[in-house]
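Here is the structure we will look at.
The values are calculated or read from the model by the stated rules, or taken from the named source; none is laboratory data. Being a predicted model, the structure only gives us computed values, none of them experimental. Cβ sites come from the backbone with ideal geometry, for glycine too, and all protein chains shown count toward neighbours.
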Amino acid sequence: MMDEKVGIQVLPKEQSPFERVAAGLSAMAQSKPFFHPILILIFSIAAVALSFFLYIYWYVEVSTGLRRVLDRTRLEPDQVLAAQTWIVILVLSILVGIILLGLFIIFVYNQKTFRLYRLQRNFINNFTHELKTPVASLKLYLETFQKYDLPREDQLKYIGYMVNDADRLTHNINRILVVEDEAHLAEGLKLNLSLKGYEVKIAGNGNAALEQWKVWQPHLMVLDIMLPGIDGLSVLRSIRLEDERLPILILSARGEPDDRVKGFSYGVDDYLAKPFNLDEFLLRVDRLLTRDGWAQEGSDEAEDRTSSLPRVVAFGNNRIDFQTLKAHGPSGEIHLTEQEARLLRLFVANRGKPLSRKKLLEIGWGYTGGTTTRTVDNFVVRLRKYFEPDPKQPVYFKSLRSVGYVFAPPPK
């Protein structure tokens, strides 16, 4: 559904940032009854009332009764009454401790609630300003163009202003995919990014991440490394076969220099180790999106997301055009399927590097339990028929015993 005034696509089943904040407040309001602040306040008031009651009771009723007993038994009053005083002090201390603990819990809860309300208010103010101001500016210039016949120079200048306003609107609907298997952390990241005005989705594993990346086409991905199924680095390598420009930020507990070097060598744009500072994380996200916006200025929409691999690859007497999915080999012209082209990209991107069947499955297919190693073998046999002079004696797609395959065309 399209908003007629703004022209922004609205996803009917997606919660807006406002709804997510309201849901957070509702969740807090629906917390367990024992921890509800109203019940804690009632317990605290009851403890205060009980302490006063016991004080009056002990010093009026009990004291009177003890004095009667002391008079009958002729005991020293100081011995018994002193012990009674210590009992009163102990009990009153416990009650006062309960009261102070209850007040402290109420204070902490109210502070958290106040912070959430303040974040909500700031978000509403900032987000509505960032939407209304550029929309008002666009409306102003469009009405001006309708009423007046401006000189060409002024038209170009005002059109430039309108482009800047459109960029501001685009920034507010940037889509971010959070790939994280820890649900609590993922929800926390989603909340904070949503409060910044981004549209956020969560993928809990590598397979879901690849599916969401293809279907939803996010503007940025926050990627964990240690994921169930396909690990984060395999997700990264799979994406980089087709999309070199998508900003990807790795957020992982594996923060050693070797891990960072491996991530950057596979094509990640930024790397942040857990635990992390929230403000630093949000700033890194903002800078990645800003740089991505600069990189896309002047680019054609069809070329918005392109791979770093060359469009045409040649080896021996073979030629592959990855854009048209056409190739030329010993048997003549070949029309490649999407999966054949994807596997070829993977081999070309790792020229001379051994690739195990497991890695080929993870990166080339997005490994699932139903995919077997014979799938890889069958595809390699097909590629050999396409491009090898003698498929039984391959010189390009070679087998490595107990390892997998390697694409190693001989030098010219």
Step by step: first the residues of segment 339-368, then only those that are among the polar types (S, T, N, Q) and touching a strand residue (DSSP E or B) at 6+ places or on another chain (Cβ under 9 Å), then the one that is surrounded by the most Cβ atoms within 10 Å (Cβ to Cβ). Which residue is that?
N350
Considering only residues that are in contact (Cβ under 8 Å) with a residue 24 or more places away in the chain and either in contact with a Phe, Trp or Tyr (Cβ under 9 Å, 6 or more places away or on another chain) or among the hydroxyl-bearing types (S, T, Y) (or both), which ones fall in segment 266-283?
Y266
Hits in segment 234-262 (condition: under 21 Å from R284 (Cα atoms) and touching an Asp or Glu at 6+ places or on another chain (Cβ under 9 Å))
V235, R245, L246, P247, I248, L249, I250, L251, S252, A253
Tally up the residues in segment 177-208 that are under 25 Å from L116 (Cβ atoms) and part of a helix (DSSP H, G or I), please.
13
Looking at segment 323-347, I want the residues that are closer than 16 Å to P391 by Cβ and have a partner that is among the acidic types (D, E) and surrounded by 11 or more Cβ atoms within 10 Å (Cβ to Cβ) with Cβ atoms under 9 Å, at least 6 apart or on another chain. Which pairs are those?
A327/D321; A327/E340; G329/E388; P330/E388; I334/E340
Would you point out which residue out of V381, V395, V376, V348 is more than 23 Å from E244 (Cβ to Cβ), in contact with a Pro (Cβ under 9 Å, 6 or more places away or on another chain) and part of a helix (DSSP H, G or I)?
V381
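Yes/no per residue for (1) polar (S, T, N, Q); (2) modelled with pLDDT of 90 or more:
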residue: R245; (1), (2): no, no
residue: R260; (1), (2): no, yes
residue: D270; (1), (2): no, yes
residue: T290; (1), (2): yes, no
residue: G293; (1), (2): no, no
Residue, surrounded by the fewest Cβ atoms within 10 Å (Cβ to Cβ), within segment 376-412, restricted to residues that are in contact (Cβ under 8 Å) with a residue 12 or more places away in the chain and among the β-branched types (V, I, T)
V403
Are there any pairs, at least 6 apart or on different chains, whose C-beta atoms fall under 6 Å, with the first in segment 241-265 and over 16 Å from L210 (Cα atoms) and the second modelled with pLDDT of 90 or more and not in a loop (DSSP other than H, G, I, E, B), and if so, which?
L251/V222; L251/L272; G255/A273; R260/Y271; G263/I250; G263/Y271
Could we say that Q339 is under 32 Å from the mean Cα position of the chain (by Cα) and assigned to a loop (DSSP other than H, G, I, E, B) here?
no
So, F276, is that one at pLDDT 90 or above, touching a strand residue (DSSP E or B) at 6+ places or on another chain (Cβ under 9 Å), within 28 Å of M226 (Cα to Cα) and part of a loop (DSSP other than H, G, I, E, B) or not?
yes
Every residue from segment 264-273 that is among the aromatic types (F, W, Y) and either part of a helix (DSSP H, G or I) or at positive phi (or both)
F264
Residues F127, F107, F145: which one is of a type in the set (F, W, Y), modelled with pLDDT of 80 or more and part of a helix (DSSP H, G or I)?
F145
Run down E211, E244, E153 and say which single residue is part of a loop (DSSP other than H, G, I, E, B), surrounded by fewer than 15 Cβ atoms within 10 Å (Cβ to Cβ) and not aromatic (F, W, Y).
E244
Flagged in segment 215-241 as of a type in the set (A, V, I, L, M, F, W, C) and crowded, with 17+ Cβ neighbours inside 10 Å, in numbering order, are L220, M221, V222, L223, I225, L227, I230, L233, V235, L236, I239, L241
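Residue by residue, here is whether (1) within 35 Å of the chain's Cα centre (by Cα); (2) modelled with pLDDT under 80 holds:
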| site | (1), (2) |
| --- | --- |
| V91 | no, yes |
| L95 | no, yes |
| R115 | yes, yes |
| A166 | yes, yes |
| E180 | yes, no |
